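In what follows, a structure is listed as structure tokens, so that the remarks can point back to it.
The values are calculated or read from the model by the stated rules, or taken from the named source; none is laboratory data. Every value quoted in this text rests on a predicted model; they were computed, and no experiment measured them. Neighbour counts run over all protein chains shown; Cβ positions are idealised from the backbone, glycine included. All accessible areas refer to the heavy atoms of the entire protein, side chains included, with ligands and DNA or RNA removed. Shrake-Rupley method; radii C 1.70, N 1.55, O 1.52, S 1.80 Å.
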Amino acid sequence: MIFETVIGVEVHAQLRTKSKLFCGCGTTFGLSANSQTCPVCLGLPGSLPVINRAAVEMAVRAGLALNCTITANNQFARKNYFYPDLPKGYQISQYEFPICQHGWIEIADAGGGTRVRIRRAHLEEDAGKNMHGAGTGESRVDLNRAGTPLLEIVTEPDMRSADGVVAYLKGLRDILMYLEVCDGNMEEGSFRCEPNLSLRPVGQKEFGTKVELKNLNSFKYVKDAIDYEVKRQAKVLNEGGKIRQETRLWNIERGETAVMRSKEEAHDYRYFPDPDLVPLKLEREWIEGFTSSLPELPAIRMRRFIEMYALPEYDAGVLTASKGMADYFEGSVKQFNQPKTVSNWVMGELTRELNNSGADISASPVSPERLVSLLQMVDKGAISLKVARDIFPELYSTGKTPEELVQEKGLTQVSDESAIEQMIDEVLGKNPVQVAQFKAGKQQVLGFLVGQVMKASGGKANPGKVNELMKRKLG
Ligand SMILES: [Zn+2]
């Protein structure tokens, strides 16, 4: 039987606040265990939560960028379950009244259409982290993460393929990073993806039984896990079996999914309004104030790059995929108005060095100013394009200016006519046969002679000048 894959996604995005959602503890990643805790996030009796205004603002800004309706009357709810990393025995979340609802984002290739609908996005606190010591038989818990603010963003089941899901996730992550409400770091868990997936025979309206996938901290794992799960479910169904509603973990080593637990229903959590938190009312004017201050988002910036800089769609897409790269590009073009040249260098040489060193563009040792001075040297004919490309890795690794490097290495391009003429005379003197051939009408010998001059100059002669002077000498 031929099946259609139906996928929805839940993302937990950690909001970039300085303090936690309901207390003043810090949110820095990687500090020593339990160093960022207090009675509130430890769940001690008698402590009371107070909502973090910055987290609410970030959720509203994200909601507006995702074309959501912002809920004016918010209510926090207790989601009850017991797990050692959740010291209160419940998580403070939102249930019936999520802060953002009914939005969408434009994704060119989600597999179902051009839009992915956002069902809801709600605020909730994160849990701590259980650490099971291998061999020692001990388990410990680090509550630094307990109480850090999350925005859980849930889509409608609008995606139809692993590639569509990855396109959505990349688009969503870009938006959150542009808004500076989430750092997007998947390895540190700041952007966690949980696709839920079911199959149905092509043409059938009702959805099949869905399975939720967890432990996917890279786009590659998202794609691999979905591709695996589609095959697994198709096999079960084709053999007459039934899919169980469950949560499955992606096992990286084995390249397969395995059952983690059977799926809970909402009623298992006994949600009820948290009596410790008063309802949160947001005023219309306050919400609308954020609409005008939203930054230019990736899709719009991409269109502007195509129009304003006459860039190919491909370039504009790559350059606007991260805010840092788009800012770098625009910072360079402001000082050197040759957009396509700048684009080539940013996507080529610069990206290669950044990838090799694993650095983010915001920490690039070659600043836009440095790149521009290099490009200006080429533009003025002070160095050749080849020399510029050759020295770029060194420019990146040493932190020297292009001028310093070129001077140190004696790479200045020779454009001085008398110096070039002298080299031409020498080459012509050594190659009388080719000169005679040229004079007899064999035009292609010119290339050979120019090449000899370039070689004699160690690649530093200005090729345009050599060509021009050579023709004059021979003519
Ligand atoms: Zn705390």
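Here are some notes:
For every residue, the table says whether it meets (1) among the basic types (Lys, Arg); (2) loosely packed, with under 13 Cβ neighbours inside 10 Å; (3) assigned to a helix (DSSP H, G or I).
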position: Val378; (1), (2), (3): no, no, yes
position: Arg389; (1), (2), (3): yes, no, yes
position: Pro393; (1), (2), (3): no, no, yes
position: Glu408; (1), (2), (3): no, yes, yes
position: Val427; (1), (2), (3): no, no, yes
position: Val435; (1), (2), (3): no, no, yes
position: Leu449; (1), (2), (3): no, no, yes
position: Gly458; (1), (2), (3): no, yes, no
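- Checklist (1) surrounded by 13 or more Cβ atoms within 10 Å (Cβ to Cβ); (2) over 30 Å from Ala77 (Cβ atoms); (3) of a type in the set (A, V, I, L, M) applied to Ala310, failing item: (1)
- Residue tally, condition farther than 30 Å from Pro368 by Cβ and either within 38 Å of the chain's Cα centre (by Cα) or assigned to a helix (DSSP H, G or I) (or both), over the range 410-425: 9
- Cys68 vs. criteria in contact (Cβ under 8 Å) with a residue 12 or more places away in the chain and within 16 Å of the ligand (Cβ to nearest atom): no
- Val60 being within 22 Å of the chain's Cα centre (by Cα), more than 16 Å from the ligand (Cβ to nearest atom), touching a residue at least 24 places away in the same chain (Cβ under 8 Å) and within 30 Å of Asn238 (Cβ to Cβ): no
- Filter result for Pro149 (closer than 20 Å to Cys38 by Cα, within 16 Å of the ligand (Cβ to nearest atom) and at pLDDT below 95): no
- Only one entry in Thr114, Thr155, Thr136 is hydroxyl-bearing (Ser, Thr, Tyr), modelled with pLDDT under 95 and closer than 30 Å to Val202 by Cα, namely Thr114.
- Selection within the range 19-35 - in a loop (DSSP other than H, G, I, E, B), surrounded by 12 or more Cβ atoms within 10 Å (Cβ to Cβ) and either near the ligand (Cβ under 7 Å from one of its atoms) or without any contact (Cβ under 8 Å) to a residue 12 or more places away in the chain (or both): Lys20, Cys23, Gly24, Cys25
- The range 78-92: number of residues that are touching a helix residue (DSSP H, G or I) at 6+ places or on another chain (Cβ under 9 Å) and touching a residue at least 60 places away in the same chain (Cβ under 8 Å): 4
- Meets criteria (more than 16 Å from the ligand (Cβ to nearest atom) and hydrophobic (A, V, I, L, M, F, W, C)) for Ala77: yes
- Residues of the range 83-122 that are within 17 Å of Gly147 (Cβ to Cβ) and part of a loop (DSSP other than H, G, I, E, B): Tyr83, Pro84, Asp85, Leu86, Pro87, Lys88, Gly89, Gln94.
- Residues that are among the β-branched types (Val, Ile, Thr) and either over 21 Å from Ala13 (Cα atoms) or modelled with pLDDT under 90 (or both), drawn from the range 215-256: Val230, Val236, Ile243, Ile252
- Some residue of the range 352-359 being crowded, with 18+ Cβ neighbours inside 10 Å and more than 25 Å from Pro463 (Cβ to Cβ): yes
- Of residues in the range 62-82 being open to solvent by 70 Å² or more (accessible area, probe 1.4 Å) and assigned to a loop (DSSP other than H, G, I, E, B), the one farthest from Ile287 (Cα to Cα): Phe82
- From the options Ile51, Ile92, Ile99, residue that is farther than 30 Å from Met131 by Cβ and either buried (at least 22 other Cβ atoms within 10 Å of the Cβ) or within 16 Å of the ligand (Cβ to nearest atom) (or both): Ile99
- Per-region count, the range 7-18, residues assigned to a loop (DSSP other than H, G, I, E, B) and open to solvent by less than 20 Å² (accessible area, probe 1.4 Å): 2
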